[in-house]
1. Checking the condition within 17 Å of E183 (Cα to Cα), more than 17 Å from the chain's Cα centre (by Cα) and either at pLDDT 95 or above or open to solvent by less than 30 Å² (accessible area, probe 1.4 Å) (or both), which residue from V350, V378, V342 passes?
2. If I go through the range 246-281 residue by residue, how many of them are surrounded by fewer than 16 Cβ atoms within 10 Å (Cβ to Cβ) and more than 15 Å from F210 (Cα to Cα)?
3. Search the range 195-221 for residues being small (G, A, S) and away from the ligand (no atom under 15 Å from the Cβ), and hand back the single one that is least open to solvent (accessible area, probe 1.4 Å).
4. Only one of Q149, Q136 is within 13 Å of the ligand (Cβ to nearest atom) and open to solvent by 30 Å² or more (accessible area, probe 1.4 Å); which?
5. Cβ-Cβ distance below 6 Å, separation of 6 or more or different chains: which pairs start in the range 360-389 with a residue that is touching a residue at least 12 places away in the same chain (Cβ under 8 Å) and end on one that is polar (S, T, N, Q) and open to solvent by less than 90 Å² (accessible area, probe 1.4 Å)?
6. I'm checking my understanding of the structure. Among residues of the range 52-63 that are touching a strand residue (DSSP E or B) at 6+ places or on another chain (Cβ under 6 Å) and among the small types (G, A, S), which one is nearest to V168 (Cα to Cα)?
7. Report those helices (runs of 4 or more DSSP H) wholly inside the range 233-328 carrying at least 2 residues which are more than 10 Å from the ligand (Cβ to nearest atom).
8. Within the set of pairs 6+ apart or on separate chains, which have a first residue in the range 256-278 that is closer than 12 Å to G242 by Cα, a second that is within 13 Å of the ligand (Cβ to nearest atom) and part of a helix (DSSP H, G or I), and C-beta atoms under 6 Å apart?
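The values are calculated or read from the model by the stated rules, or taken from the named source; none is laboratory data. Here the structure is a predicted model, which is why all the values come from computation and not from measurement. Cβ atoms come from the backbone with ideal geometry, glycine included; neighbour counts cover every protein chain shown. Note: areas computed on protein heavy atoms with side chains; ligands, DNA, RNA excluded. Shrake-Rupley method; radii C 1.70, N 1.55, O 1.52, S 1.80 Å.
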Amino acid sequence: MTNELEATKGYIKKASKILGLNERIEKMMITPYRVFRAEVSIELDNGNVRTFSAYRVQHNKSLGPMKGGLRFHPEVDLDEVESLASLMTWKTALCHLPFGGAKGGICCDPKELSTNELERLSKAFTERMKEIIGPQIDIPAPDVNTNAQIMAWIMSEYSKYYGFTPSVVTGKPVFLHGSEGREEATGLGVVIIAKELLELHNESISGSSFVIQGFGNVGYFAAEHLYSRKGTVLAVSDESGGTFNKMGLDIPELKKYSLKNGNVSGFPGGTDISNHDLLHIPCDVLIPAALGGVFDEQKAKDVQCRYIVEGANGPSSPAADEIFHSRNILVAPDILANAGGVTVSYFEWVQNIQQFSWDREKILQQEELYLTRAFERVHKVSKSKNCLMREAAFMIGLERVAKAQLTLGL
Ligand code: NAD
């Protein structure tokens, strides 16, 4: 079992113990509902055939259809997908969304594939999993290295078998039944949670400094919303390395540069910095927004921030959490901090079912409402139980799911 899956199971066990759930229920909360694996073969542009391992783990469906992203990455494996699927169950429950949790992934390096090959791979996987996904069963969404285009291909393939069904997937292009505000939703959610955390301590975004690891969907939109609220974004990074400016980076200029050059390194408005050094920059808020497993015990000792807002899923190990706690570094956990994406995915699903579009203002307003309420719930429990925000968030999610499961019958 990987460290991340072990950590997720550990959090469930801990929350279950505090809540006094019996062993039978605890086991149900840990065990996924269904694990799907396919070996997907596609023809490459050069005529060769290549096979990719693909997974969909559906973790729990007691609160509604299952929901979760689809990741394309060379390190995707079944343990990682199971851990991420479980996190989705607690995230949707915590935010009072009518969904269960799921996650999927294909073990591939999308940088090695052409657009046509990516289309064939996305559609071939959809064909394989078409019986286990659907608007009332399981609704995929974008995650690492997947985007609106890939969601459109999934919708297209699924609709071939079941008729026009935009609600099978969220995160679609806005002009193709997607939702206003969905693309930026996770990054914006990170900023909403950062704002709540700072305001709780009589601080504000405009007076604070931020460092962001990752400049993809989550990292970029978090940086943009911080910049537009006059936060000082000292440094950001991607796979190639990072860029740092002690006066604050010009995020719109950096975006233009990274679109043109494919990465942030070499940005003339900053100094290059390694991904390792980026995590040690003194700042108020550190935002991991790349992959999981970033903070081990040593890194947790080295970071120089006062708050961590987890844009990425699973960035901190349990040992790191303890060190953060002992150093008085407050952590807004992933299942709260990056829940903006699934929240607006919920709005997209509702709009697709209603066949009616909401405007951007309504969506952003509703996202803020859902997230601030989730933040308040977590804060209240963490105060009353004198526990970490992560423990409180798991307890709230677990209590709701266990209650639903018991009410429905085992
Ligand atoms: P993405 O593919 O759009 O971007 C990932 C970014 O991380 C890229 O800039 C990439 O270069 C960078 N990166 C990869 N490895 C790195 C490394 N070792 N060091 C520094 N940077 C590195 O992915 P995303 O959608 O932004 O997802 C990022 C994280 O947020 C993931 O953990 C994902 O599960 C989580 N998340 C995403 C969403 C969403 O709506 N997209 C929702 C919730 C959580």
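1. V350
2. Residues that pass the stated criteria total 14.
3. Among them, the one singled out is S208.
4. Q149
5. That search, which allows pairs on different chains as well, returns E367/T343; Y370/T343; M389/S382.
6. A54
7. In the range 233-328, 251-261, 297-302, 318-326 are the helices (runs of 4 or more DSSP H) which contain 2 or more residues that are more than 10 Å from the ligand (Cβ to nearest atom).
8. Once the first residue is closer than 12 Å to G242 by Cα and sits in the range 256-278, its partners that are within 13 Å of the ligand (Cβ to nearest atom) and part of a helix (DSSP H, G or I) give V264/S258; F267/L254.
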